[in-house]
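Take a look at the structure set out below.
The values are calculated or read from the model by the stated rules, or taken from the named source; none is laboratory data. The structure presented is a predicted model; accordingly, all values stated were derived computationally and were not measured. Every residue, glycine as well, gets a Cβ built from its backbone with ideal geometry; the counts of neighbours run over all protein chains shown.
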Amino acid sequence: MKLPAVLTLIRPRQWVKNVFVFGPIFFSPTLSRESAFSDVTLMFIAFCLVASGIYCFNDYWDRESDTLHPKKKLRPVAAGDVSPTFALTLYAILSGGGIALALVMTAGGWVVLAYFILTSLYTLILKRYAIVDVLTIALGFVLRIEAGAAAAELQPTVWILVCTGMLALFIALTKRRDDLTQALDDSHRESLNGYSAAFLDAAFITVSAALAVSYVIFTTDADAMARLGSDRLYLTIPFVIGGILRQLQLTMVFKKSGSPTELALTDPFLIACTLGWLVAFTILMYG
């Protein structure tokens, strides 16, 4: 067994999703608790461990159906580069380590435990059902926000939870659209029986509109502006709208929404929108 195969199995590039745990502390410019950042960093590490463990469990459980997918057949377990027993063992070690770290070292460790249960159930059952599968993915990102807030001893605002959930749901729907584009059927993913191209097009356009409206309301809300120390948060709206439109373009025009994480890390337009938003918000809050 080679190290590259193990690294592929635990998917370190997917750890970027866990950056969401820093969301509550980023949106708290007046936070004074000195240990907050270190506690949230430990929570981030805990999520990375649990997430990698879940990927091992997912590849173990889906090893037969993955052989039917044009790309997933190259995953280590499906391809025979990593034994099913090793993948299952690594699942227990990584997940157990992440949960223990969160429970012992940070406040809100229960959120990591809830995430572990949710994602394990997703692998076993929930991903079989259309709509339930994408809602579960969205809930996983909301739990990341809750975990970061708990570690920093903050109360997350309704708006950060709503916008995070909408964004995650939007991305999950575009990924399902890519599954249909590749002509995959229920032998690969049972939930695809409950989707059609027309339904998914309507769904992610609806969700993207809800996301855009929610973000506009957030940036123009008097309480949000007062709490974040700026009355010009609306200046970040173009970056969000640009990112949404680019994701729709990649999905509907270029048929390239199969790996949202890869797109976020490699697509120049999405990278520019993300960095532009981050820089603009940082200047408005902390400048």
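Miscellaneous remarks
- Restricting the first member to the range 65-77 and to residues that are closer than 18 Å to Asp178 by Cα, and the second to residues that are assigned to a loop (DSSP other than H, G, I, E, B), the beta-carbon pairs closer than 6 Å and six or more apart or on different chains are Ser65/His188; Asp66/Arg75; Leu68/Ser187; Leu68/His188; His69/His188; Lys73/Thr67.
- Of Thr274, Thr266, Thr236, Thr282, all but one fail to be under 18 Å from Pro24 (Cα atoms), under 18 Å from the mean Cα position of the chain (by Cα) and modelled with pLDDT of 90 or more; the exception is Thr274.
- Of Ala51, Ala107, Ala114, Ala130, all but one fail to be crowded, with 21+ Cβ neighbours inside 10 Å and under 22 Å from the mean Cα position of the chain (by Cα); the exception is Ala51.
- Search result, residues across the range 215-241 that are surrounded by fewer than 17 Cβ atoms within 10 Å (Cβ to Cβ) and either assigned to a helix (DSSP H, G or I) or without any contact (Cβ under 8 Å) to a residue 24 or more places away in the chain (or both): Val216, Ile217, Thr220, Ala222, Asp223, Ala226, Arg227, Asp231, Tyr234, Leu235, Pro238, Ile241
- Set Tyr91, Tyr55: member being more than 25 Å from Leu169 (Cβ to Cβ), out of contact with any strand residue (DSSP E or B) (no Cβ under 8 Å at 6 or more places or on another chain) and at pLDDT 95 or above: Tyr91
- Hey, Ala138 more than 13 Å from the chain's Cα centre (by Cα), among the aliphatic types (A, V, I, L, M) and in the same structural domain as Phe47 (by TED's automatic domain parsing) or not: no
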